Amino acid sequence: MAERMLKFTTVARKTPEKRAADQRAGDFHEIYADFIDAKATEQASRCSQCGVPFCQTHCPLHNNIPDWLRMTAEGRLEEAYALSQATNSMPEVCGRICPQDRLCEGNCVIEQSGHGTVTIGSVERYLTDKAWENGWVKPLVAGEPRGQSVGIVGAGPAGLAAAEKLREAGYEVTVYDRHDRAGGLLIYGIPGFKLEKDVVERRTRRLAAGGVVFKLGFEVGKDATLEDLRARHDAVLIAVGVYAARDLTVPGGGSKGVVPALDYLIASNRLNLGDAVPAFESGELNAEGKDVVVVGGGDTAMDCVRTAIRQGAKSVTCLYRRDKANMPGSMREVANAEEEGVTFEWLAAPRALSGEAEAVSGVRAIRMRLGAPDASGRQSPEEIPGGDFDRPAQLVVKALGFEPENLPEAWSAPDLKVTRWGTVKADVRDQMTNLDGVFAAGDIVRGASLVVWAIKDGRDAADAIDRYLRAKIGAPALIAAE
């Protein structure tokens, strides 16, 4: 085994080839090439097979990373895939969009020793794409019929992960979603240059072929109340995510040309999916020929600035009120954006928007500095007197994060308890809300977070729902707790 692994001492870290910035900036295709077989095997062999794998403990799904890296290094690819998907409902998605630099790769032991992390995400993507190519991804097979049904509200990663496990356990599963395609933000919120849509669609097709029923274009609160769904199903899972945009509270913030990030990204994704998008055609959600300013520092802001580049913006500037070291978004995405021509104004925040006839024409910003740390050690940004500067902008995108919608009001469910932040209250042990048989998972419980956490929450919710429904009829739980 030592001859097969531990090659980090002689083999340098290498990621898949990345298309040149000037080539990739003109389209929405993924920017990384696939690993060839030999390169994936070579990179997997760099794993140190350490006794305490920090890569695994820092993965929300606790994926068995060292073992499937070992199998990949040995050429046992089908076994490696089987192990990777045993704990992850969408390994090819996580391999593409997880911020590995903050999770598994960022905690790799050989990274800490200065040899450069194992390229875990790229190998994960390689394995699953290989599995689809070779037919190793088996059809979803429903378990012995239970005679009980579960309604899932939300076809994003949490809802899809739960639907898969519940269907395998023999439950009738219906997924409701307001959009016309399943996938949630995987389809409409994440641009194709990070996650091409056929990658998501083949997963949802597999679920549908396995008997999961999708009711799309269905909005709870309009087409049915929460009580209606409770009457239809033996259990209900709320997995709607958080979609309400935080606002930009500066003078001129209501000007024409100031748009929420999600509206902007949904329009771009719909266009690339072949839909007619009037707001894009009118120029409202189209960056072509415009000076664009994106306010925010997370991964959504990176998606927006890189989308604007591809739409042919005249200039793209990102304003973030902290420094680069405190950027919440992935450093990998920041680097990609810089390569593609995005200008970053670190330690800068908007003060006002300018323009005439209600159309924005510029952003006045203020230079910031990080003040004294608070009790948690985090430094708060402070304005620098006299640090005002201006940037032209005919399109300003607000990428300041997301908050929950008011579900008790929208769903005619005043008894559904929520936190002071508007997220749904769910028991930490079983993910059940205060309403019997109603569970919640993903961002609607934890707040805006990562796709990998949503998958984890959805899988855990499926376990909890299975235990609940079996307890109702006095049967032992079928899904083993992870």
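The values are calculated or read from the model by the stated rules, or taken from the named source; none is laboratory data. Predicted, not measured: the structure shown is a model, and the values here were computed from it. We place every Cβ from the backbone using ideal geometry, glycine too, and count neighbours over all the protein chains shown. Heavy atoms of the whole protein, side chains included, go into the accessibility calculation; ligands, DNA and RNA do not. Shrake-Rupley method; radii C 1.70, N 1.55, O 1.52, S 1.80 Å.
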**OP:** Kindly provide the set of residues from segment 224-248 that are surrounded by fewer than 17 Cβ atoms within 10 Å (Cβ to Cβ), more than 23 Å from the chain's Cα centre (by Cα) and touching a residue at least 12 places away in the same chain (Cβ under 8 Å), ordered by number.
**Re:** T225, E227, R232
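Any idea which of G283, G329 is within 23 Å of F344 (Cβ to Cβ) and not assigned by the TED database to the domain that holds A448?
On the way: G283 fails: within 23 Å of F344 (Cβ to Cβ).
That would be G329, the only listed residue that is within 23 Å of F344 (Cβ to Cβ) and not assigned by the TED database to the domain that holds A448.
Looking at the structure I just gave you, is V342 closer than 30 Å to G283 by Cα, out of contact with any helix residue (DSSP H, G or I) (no Cβ under 6 Å at 6 or more places or on another chain) and not assigned by the TED database to the domain that holds L103?
Values: closer than 30 Å to G283 by Cα: yes; out of contact with any helix residue (DSSP H, G or I) (no Cβ under 6 Å at 6 or more places or on another chain): no; not assigned by the TED database to the domain that holds L103: yes.
Taking the combined requirement at face value, the residue does not satisfy it.
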**OP:** Only residues that are open to solvent by 20 Å² or more (accessible area, probe 1.4 Å) and among the small types (G, A, S): list them for segment 118-142, please.
**Re:** S122, G135, A142
Original post:
Which one is farthest from K138 (Cα to Cα), of the residues in segment 72-82 that are modelled with pLDDT of 95 or more, of a type outside the set (D, E, K, R) and surrounded by fewer than 22 Cβ atoms within 10 Å (Cβ to Cβ)?
Top reply: L77
Subject >> Search result, residues across segment 170-190 that are buried (at least 20 other Cβ atoms within 10 Å of the Cβ) and not hydroxyl-bearing (S, T, Y) >> reply: V173, V175, D177, R181, A182, G183, G184, L185, L186, I187, G189, I190
Subject >> Filter result for the condition that a residue is hydrophobic (A, V, I, L, M, F, W, C) and under 22 Å from G442 (Cα atoms), over A276, A231, A208 >> reply: A208
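Here is a list: F8, F54. Which entry is over 26 Å from N134 (Cα atoms), outside the structural domain of G114 (by the TED database) and either open to solvent by 60 Å² or more (accessible area, probe 1.4 Å) or over 26 Å from the mean Cα position of the chain (by Cα) (or both)? Write out each step before concluding.
On the way: F54 fails: outside the structural domain of G114 (by the TED database).
Result: F8 is the single residue among F8, F54 that is over 26 Å from N134 (Cα atoms), outside the structural domain of G114 (by the TED database) and either open to solvent by 60 Å² or more (accessible area, probe 1.4 Å) or over 26 Å from the mean Cα position of the chain (by Cα) (or both).
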Original post:
Across segment 323-357, which residue is most open to solvent (accessible area, probe 1.4 Å) among those that are part of a strand (DSSP E or B) and not aliphatic (A, V, I, L, M)?
Top reply: E356
**OP:** Of the conditions (1) out of contact with any Gly (no Cβ under 6 Å at 6 or more places or on another chain); (2) open to solvent by 60 Å² or more (accessible area, probe 1.4 Å); (3) under 14 Å from G121 (Cα atoms), P99 clears all except one; give me its number.
**Re:** (2)
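Among S449, S380, S412, which is hydroxyl-bearing (S, T, Y) and at positive phi? Step through it out loud before you land on a result.
Working: S449 fails: at positive phi; S380 fails: at positive phi.
Criteria check complete, one pass: S412.
Output the number of residues of segment 363-374 satisfying the condition of being open to solvent by less than 70 Å² (accessible area, probe 1.4 Å) and either modelled with pLDDT of 95 or more or among the aliphatic types (A, V, I, L, M) (or both). If you could, list the steps in order and put the result at the bottom.
Of segment 363-374, the ones open to solvent by less than 70 Å² (accessible area, probe 1.4 Å) are 363, 365-366, 368, 370-371.
Keeping just the survivors that are either modelled with pLDDT of 95 or more or among the aliphatic types (A, V, I, L, M) (or both) gives 363, 365-366, 368, 370.
Counting residues in segment 363-374 that are open to solvent by less than 70 Å² (accessible area, probe 1.4 Å) and either modelled with pLDDT of 95 or more or among the aliphatic types (A, V, I, L, M) (or both) gives 5.
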**OP:** Return only the number of the condition from (1) in contact with a Ser or Thr (Cβ under 8 Å, 6 or more places away or on another chain); (2) not assigned by the TED database to the domain that holds L226 that L160 does not satisfy.
**Re:** (2)
**OP:** Evaluate the following for V118: is it of a type outside the set (D, E, K, R), in contact with a Leu (Cβ under 9 Å, 6 or more places away or on another chain) and in the same structural domain as V451 (by the TED database)?
**Re:** no
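With the condition being open to solvent by less than 70 Å² (accessible area, probe 1.4 Å), in contact (Cβ under 8 Å) with a residue 60 or more places away in the chain and touching a Pro at 6+ places or on another chain (Cβ under 6 Å), I'd like the helices (runs of 4 or more DSSP H) fully within segment 375-476 carrying at least 3 qualifying residues.
Details: elements: 407-410, 443-446, 451-472.
The helices (runs of 4 or more DSSP H) meeting that bar are 451-472.
Somewhere in segment 123-139, is a residue closer than 20 Å to A86 by Cβ and among the hydroxyl-bearing types (S, T, Y)? Spell out the reasoning first.
First, pick out the residues of segment 123-139 that are closer than 20 Å to A86 by Cβ: 123-139.
If we keep only those that are among the hydroxyl-bearing types (S, T, Y) too, we end up with 126, 128.
Yes, that holds for at least one residue.
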**OP:** Examine segment 249-259 for a residue that is among the aliphatic types (A, V, I, L, M), open to solvent by less than 10 Å² (accessible area, probe 1.4 Å) and without any contact (Cβ under 8 Å) to a residue 40 or more places away in the chain, and state whether such a residue exists.
**Re:** no
Original post:
Taking segment 260-301 as the search range and keeping residues that are within 18 Å of G183 (Cβ to Cβ) and over 18 Å from the mean Cα position of the chain (by Cα), which one is least open to solvent (accessible area, probe 1.4 Å)?
Top reply: V277
Subject >> The lone exception for E338 - which of (1) in contact (Cβ under 8 Å) with a residue 60 or more places away in the chain; (2) over 18 Å from V360 (Cβ atoms) it fails >> reply: (1)
